[in-house]
Amino acid sequence: MCCLSPSSPSATATSSRRGQIVASEWPPGPFNGSNPHSEGPPPSPAPPPRAVDTDDEEFGGRPAKRAHPESGYGDGVRTGDRPAGDGRDRISDLPDAVLLSVLSFLPLRDAGRTAVLSSRWRGLFDQSLLDFNACQPFPPEEGRGCDWFIRAITDILAARPRISIQSFRFVMYGRGFDDRLDVVDGWLCALARHGLRELDVDMFYAGPVPTLPGSLLKLASLETLKVFNCRFPNAGSAPAPLLPALKILHLSNVDVSEESLQAILSHGTSLESVKLKNITGVDKICLRSKSLTHLYGDFGDLKELVVEDAPNLEELMGIGLPSGKAKVKIVFAPKLQMLGYLGISMRPLVLHDTVFDGGIVQLRTLMHSVKTLVIQVPSSEKGYTIFVAQMLKCFPCLEVLHVEPNKRSISRRVNVEEWDTANSIQCIEHSISRVVFECFGGEDCQWGFLTILLGMARALKLVEIYCWTGKDWASDQLELLNPKNRASPDAKIQFLRICKPINDLYLCHCCTQRCQKENRVALT
């Protein structure tokens, strides 16, 4: 990986002389007695390096050729077997993987200048472009701003038409690309010829918000696309198939038309995972995809979310759904295993062809495939106990239940309702093995739901309670839970402190393998 960052003016081109790296300003000035090799006369001047044709004039000339193997041990002797102080170039003896790692930490110009050291180094810079990290320095260094940044990327892509570039990360700050998006269009066309597989574009603090060129949609080999802080090109009129190799799509703070997003979701024949965060311009998402397995988003501004035909969809998570007024309709998703967030404001909620409004659950409403459910318990709403109980009946094979309070029940006192223990809820009694309470503050309404779960869940093995308080409070709460009143006496109860707001984790807390464990601290 090569990071695009200008070097300081004092940095000099380098060349190779008998295996040692020396400055191009050779010969040195008059001897002043401070040379560590003060015994004997100063070394004789060396001739200046000869200019030789290279892939890029900016990186200077190449020294005279000398015999050197392409990798490994220069003379057949291991570096550790040579005597110390023998004057050999041990850096060049390192394996390619180590040298490429070294280049990844260098500014672009310094990394490019290593090509003149020897034939051993000549091809390494091109290999480092396999992961091209083109990030504009912020703030601009030494007066080099957008013009230098654009010219450097353009020259590199033009001078190396045949090298492979697997990933390209492009970060631009400020207004440097006003009226210059044709340059980005040229880059994308060049990257298409390089067989690009991963693209990460971030127009951070750009103003006005730029629109990415339509050539983005012509990257036939692209597998991963992440776009931040800009406008997505119009994909509604683009011919299908659209980005045929695309598997992962992340859009954050992006203005995208409903028609464009629909075209990507419907015509992306290889699309597997989509994450949408703070997107604007979309009121409705109608999912028809044979390949998609994961759909995440905040969806707080959506008016309607329809899963019409998603035979391979396994996870559907919308963290902002309960706070909005979106209509949610799941028509066909036979493999759906994780679903959230569901709340009382999501009315109507259509499961299969049945409208669920908190009333009687019909047999055809049941979703046996769902194993993990995330719900927002609306403790501030009248009848919330009936709503939650009836909703849980829709998922008879549920194994993991995540519970989150709504904001109003956290910010004010609410009326505590009694839970109906006479009616059976199949998933609670027979299948739920893990329960997670988020933002647990010890309110009576939270204790009521926790008590019901502990008293009915015979398969329960673990209860995780996340809170903002310390160990003393957690210990006091734990003493209130009498093991004699539990349906599963051996169930383990853990209190954990949240170190970051839940939304900062962005859905990670809903799935164990994606959870950022460093943000959780055990209290009990």
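The values are calculated or read from the model by the stated rules, or taken from the named source; none is laboratory data. Everything numeric here is computed off the predicted structure, so don't read it as measured data. Methodologically, a virtual Cβ is constructed for each residue, glycine included, from the backbone with ideal geometry; neighbour enumeration extends over all protein chains shown. The area values use the complete protein model at the heavy-atom level, side chains included, leaving out ligands, DNA and RNA. Shrake-Rupley method; radii C 1.70, N 1.55, O 1.52, S 1.80 Å.
State yes or no: is ILE375 within 22 Å of PHE299 (Cα to Cα) and at pLDDT below 80?
It is false that ILE375 is within 22 Å of PHE299 (Cα to Cα) and at pLDDT below 80.
Can you say whether ARG497 is of a type outside the set (Val, Ile, Thr), surrounded by 13 or more Cβ atoms within 10 Å (Cβ to Cβ), at pLDDT 80 or above and in contact with a helix residue (DSSP H, G or I) (Cβ under 6 Å, 6 or more places away or on another chain), as far as the supplied structure shows?
Details: of a type outside the set (Val, Ile, Thr): yes; surrounded by 13 or more Cβ atoms within 10 Å (Cβ to Cβ): yes; at pLDDT 80 or above: yes; in contact with a helix residue (DSSP H, G or I) (Cβ under 6 Å, 6 or more places away or on another chain): no.
Criteria not met by ARG497.
Just need a number here: residues in region 258-296 that are of a type in the set (D, E, K, R) and outside any strand (DSSP E or B). I'd like the intermediate steps shown before the answer.
Of all residues in region 258-296, those of a type in the set (D, E, K, R) come to 258-259, 272, 275, 277, 283-284, 288, 290.
If we keep only those that are outside any strand (DSSP E or B) as well, we get 258-259, 272, 283, 290.
Within region 258-296, residues that are of a type in the set (D, E, K, R) and outside any strand (DSSP E or B) number 5.
For region 242-255, which positions are more than 12 Å from GLY297 (Cβ to Cβ) and at pLDDT 90 or above? First the steps, then the outcome.
In the first step, residues of region 242-255 are kept if they are more than 12 Å from GLY297 (Cβ to Cβ); the result is 242-248, 253, 255.
Scanning region 242-255 gives LEU243, PRO244, ALA245, LEU246, LYS247, ILE248, ASN253, ASP255.
Out of region 374-406, which residues are open to solvent by less than 30 Å² (accessible area, probe 1.4 Å) and in a loop (DSSP other than H, G, I, E, B)?
Within region 374-406, PRO378, SER379, SER380, GLY383, CYS394, PHE395, PRO396, LEU398, ASN406 qualify.
Any idea which of (1) open to solvent by 10 Å² or more (accessible area, probe 1.4 Å); (2) in contact with a helix residue (DSSP H, G or I) (Cβ under 8 Å, 6 or more places away or on another chain); (3) assigned to a strand (DSSP E or B) is the one MET317 doesn't satisfy?
All conditions pass for MET317, except number (1).
So ALA238 clears everything in (1) surrounded by 14 or more Cβ atoms within 10 Å (Cβ to Cβ); (2) farther than 18 Å from ILE264 by Cα; (3) modelled with pLDDT under 90 except one condition, right? Which one?
(2)
Which numbered condition in (1) in a loop (DSSP other than H, G, I, E, B); (2) without any contact (Cβ under 8 Å) to a residue 24 or more places away in the chain; (3) under 22 Å from the mean Cα position of the chain (by Cα) is the only one that PHE299 fails?
For PHE299, the failing item is (2).
Would you say VAL254 is hydrophobic (A, V, I, L, M, F, W, C), more than 22 Å from VAL374 (Cβ to Cβ) and either without any contact (Cβ under 8 Å) to a residue 40 or more places away in the chain or open to solvent by less than 30 Å² (accessible area, probe 1.4 Å) (or both)? Let's see the steps before the verdict.
Numbers: hydrophobic (A, V, I, L, M, F, W, C): yes; more than 22 Å from VAL374 (Cβ to Cβ): yes; either without any contact (Cβ under 8 Å) to a residue 40 or more places away in the chain or open to solvent by less than 30 Å² (accessible area, probe 1.4 Å) (or both): yes.
Considered against the rule, which asks whether it is hydrophobic (A, V, I, L, M, F, W, C), more than 22 Å from VAL374 (Cβ to Cβ) and either without any contact (Cβ under 8 Å) to a residue 40 or more places away in the chain or open to solvent by less than 30 Å² (accessible area, probe 1.4 Å) (or both), VAL254 comes out as yes.
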